[in-house]
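Novice: Attaching a single structure in C-alpha cells format; questions to follow.
The values are calculated or read from the model by the stated rules, or taken from the named source; none is laboratory data. Note that this is a predicted model, so its numbers are computed, not measured. Heads up, the Cβs are rebuilt from the backbone with ideal geometry, glycines too, and the neighbour counts pull from every protein chain shown. The protein model used for the area step is the full one, side chains on, heavy atoms only, and it has no ligands, DNA or RNA in it. Shrake-Rupley method; radii C 1.70, N 1.55, O 1.52, S 1.80 Å.
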Amino acid sequence: MTYEEKIRAVADLLRAHDRNFALTGAGISTESGIPDFRSPGTGLWTKYDPTKVATLSALRRDPASFYDFCIPRWTSYTGARPNDAHRALARLEELGYLVGVITQNIDGLHRQAGSKRVWEIHGHLRTCHCMSCGETYPFSTLVEQYEGGQNPPLCGRCRGVLRPDVVLFEDQMSEDFFKALKALSGCQVMLVVGTSLQVYPAAGLPELARRVVIINREPTPWDERAEVVIHESCGKVFRDLMAALGEPL
Ligand code: CNA
C-alpha cells in the first residue's frame, strides 16, 4: 500500500467501526518538544537508563538525586503545548470516531488539547502525595520546595518525602490502567501512536483490540500483526487523516 492508501484505509476503519480507541506514547509529544525515551539520537535512553534512575527504589534510596534527575524534565513538560496529533485525537473523539485515548504519557497534553475521555495509565503531573501519611498536594508544591532549596520536598504535615502521582518503574499500575482495561472491552480498532511498545503492561493493550493500526516513526513489535502500519511522524499522519475524513484541523 502507498502512504495515501494507508491513510484512506485508516479513515475507512474509523468510519466503519464505533468502538475505537487510541493508545499513545512519548512519540506523540516529541513534536511538542518533549524528548521520548527510545528515539535514536534524541531519546533520553541515549543519555540515561530510565529503568535505573526513574524507579521507586531510586526514589527511596536517594530521593535528592532522584529529584535532581526528574524535576528538570518534568518542569519542561509543564510548558509544552499540544501539537496537531493531540488536537486531531481530541477532534476524533468529539466527532464520534474515537471513544477516547489511553496514554502512557504524563505530560497532560491530551487533556490540554481537549480530549475528554483520557486514561492516564502512567499517572500525571497535576498532584503529588506524601510517601508516609498519604496527604495530597498540587504538583506545584513539590516543585516550589525543590526550587526553593528543599530537596527532597517534604510533607507539611508529617515531614515525609513527597512523590508525584506518576507510575515509576517498579510501581504498581494506576487505577486508570484497570479502568482502561474495562473500557477496552469490545474495542474494534486501536490506533497505536508514538510508542515503541516496549514497556509492559501497556505494550500488551493492543491484544485487546480486534484491529490494530500502528503510527510510529520506527518499527514496533506489533508491525507484523497490525492491519495498517505507517512509519511517519504522527503530526503529518493526523493532518492527512483528518483531511481524508473531510475534517481538516
Ligand atoms: P518510547 O519507548 O520512547 O517510544 C517512542 C516511540 O515513538 C519510538 O518508537 C519513536 O520512534 C516514536 N516517535 C518519536 N517521535 C515520533 C513522532 N513525532 N511521530 C511518530 N513516532 C514518533 O516511548 P513509549 O511511550 O513507548 O514508552 C513508554 C514510557 C515513556 C512511558 O512510561 C512514558 O511515561 C514515558 N515517557 C513519557 C513522556 C511524556 O509524557 N511525554 C516523555 C518521555 C517518556
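Novice: How about the range 101-132: which of its residues are of a type in the set (Asp, Glu) and in a loop (DSSP other than H, G, I, E, B)?
Specialist: Within the range 101-132, Asp107 is the sole residue that qualifies.
Novice: Now, a different point. Just to be sure I understand, how many residues within the range 207-223 are within 12 Å of the ligand (Cβ to nearest atom) and surrounded by 14 or more Cβ atoms within 10 Å (Cβ to Cβ)?
Specialist: Qualifying residue count, the range 207-223: 7.
Novice: Here is a check on your reading of the model: is Val99 assigned by TED's automatic domain parsing to the domain that holds Asp18, more than 13 Å from the ligand (Cβ to nearest atom), within 20 Å of Ala202 (Cβ to Cβ) and modelled with pLDDT of 95 or more?
Specialist: Against the criterion (assigned by TED's automatic domain parsing to the domain that holds Asp18, more than 13 Å from the ligand (Cβ to nearest atom), within 20 Å of Ala202 (Cβ to Cβ) and modelled with pLDDT of 95 or more), Val99 qualifies.
Novice: Give the residues of the range 8-26 that are under 16 Å from Arg239 (Cα atoms) and open to solvent by 10 Å² or more (accessible area, probe 1.4 Å), sorted by residue number.
Specialist: Matches in the range 8-26: Arg8, Ala9, Asp12.
Novice: Out of (1) more than 12 Å from the ligand (Cβ to nearest atom); (2) of a type in the set (Ser, Thr, Tyr); (3) in the same structural domain as Glu218 (by TED's automatic domain parsing), what's the single condition that is false for Thr30?
Specialist: Exception for Thr30: condition (1).
Novice: Oh, and also: Given the conditions (1) under 22 Å from Glu247 (Cα atoms); (2) within 13 Å of the ligand (Cβ to nearest atom), report the number of the one that Asp36 does not fulfil.
Specialist: Single failed check for Asp36: (1).
Novice: Being more than 12 Å from the ligand (Cβ to nearest atom) and touching a strand residue (DSSP E or B) at 6+ places or on another chain (Cβ under 8 Å), is that true of even one residue in the range 196-205?
Specialist: no
Novice: Continuing with the same structure: If you check Ser39, Ser57, which single one turns out to be in a helix (DSSP H, G or I) and in contact (Cβ under 8 Å) with a residue 24 or more places away in the chain?
Specialist: The match here is Ser57.
Novice: For the range 134-148, give me the residue count where each residue is in contact with a strand residue (DSSP E or B) (Cβ under 6 Å, 6 or more places away or on another chain), in a helix (DSSP H, G or I) and polar (S, T, N, Q).
Specialist: Qualifying residue count, the range 134-148: 0.
Novice: Does Leu98 fit the bill of being in a helix (DSSP H, G or I), open to solvent by less than 40 Å² (accessible area, probe 1.4 Å) and within 30 Å of Arg15 (Cβ to Cβ)?
Specialist: Spelling it out, it is not the case that Leu98 is in a helix (DSSP H, G or I), open to solvent by less than 40 Å² (accessible area, probe 1.4 Å) and within 30 Å of Arg15 (Cβ to Cβ).
Novice: Any idea which of (1) within 16 Å of the ligand (Cβ to nearest atom); (2) in contact with a Lys or Arg (Cβ under 8 Å, 6 or more places away or on another chain) is the one His129 doesn't satisfy?
Specialist: (1)
Novice: Here is a further query. When the range 224-249 is examined, which residues are found to be open to solvent by 20 Å² or more (accessible area, probe 1.4 Å), within 11 Å of the ligand (Cβ to nearest atom) and of a type outside the set (S, T, N, Q)?
Specialist: Residues satisfying the conditions are His231, Glu232, Lys236.
Novice: Going by what's in this entry, would Cys187 be described as more than 25 Å from Thr51 (Cβ to Cβ) and in contact (Cβ under 8 Å) with a residue 24 or more places away in the chain?
Specialist: yes
Novice: Let me ask something else about it. Going through the range 155-175 one residue at a time, which ones are open to solvent by less than 30 Å² (accessible area, probe 1.4 Å) and not small (Gly, Ala, Ser)?
Specialist: Result: Cys155, Leu162, Arg163, Pro164, Val166, Leu168.
Novice: Go through (1) modelled with pLDDT of 95 or more; (2) of a type in the set (Phe, Trp, Tyr); (3) farther than 14 Å from Asp176 by Cα one by one and return the number of the condition Trp119 breaks.
Specialist: The one condition Trp119 does not meet is (3).
Novice: While we're on this one: Collect the residues in the range 157-195 that are away from the ligand (no atom under 12 Å from the Cβ) and among the hydroxyl-bearing types (Ser, Thr, Tyr), keeping them in residue-number order.
Specialist: The one that is away from the ligand (no atom under 12 Å from the Cβ) and among the hydroxyl-bearing types (Ser, Thr, Tyr): Ser185.
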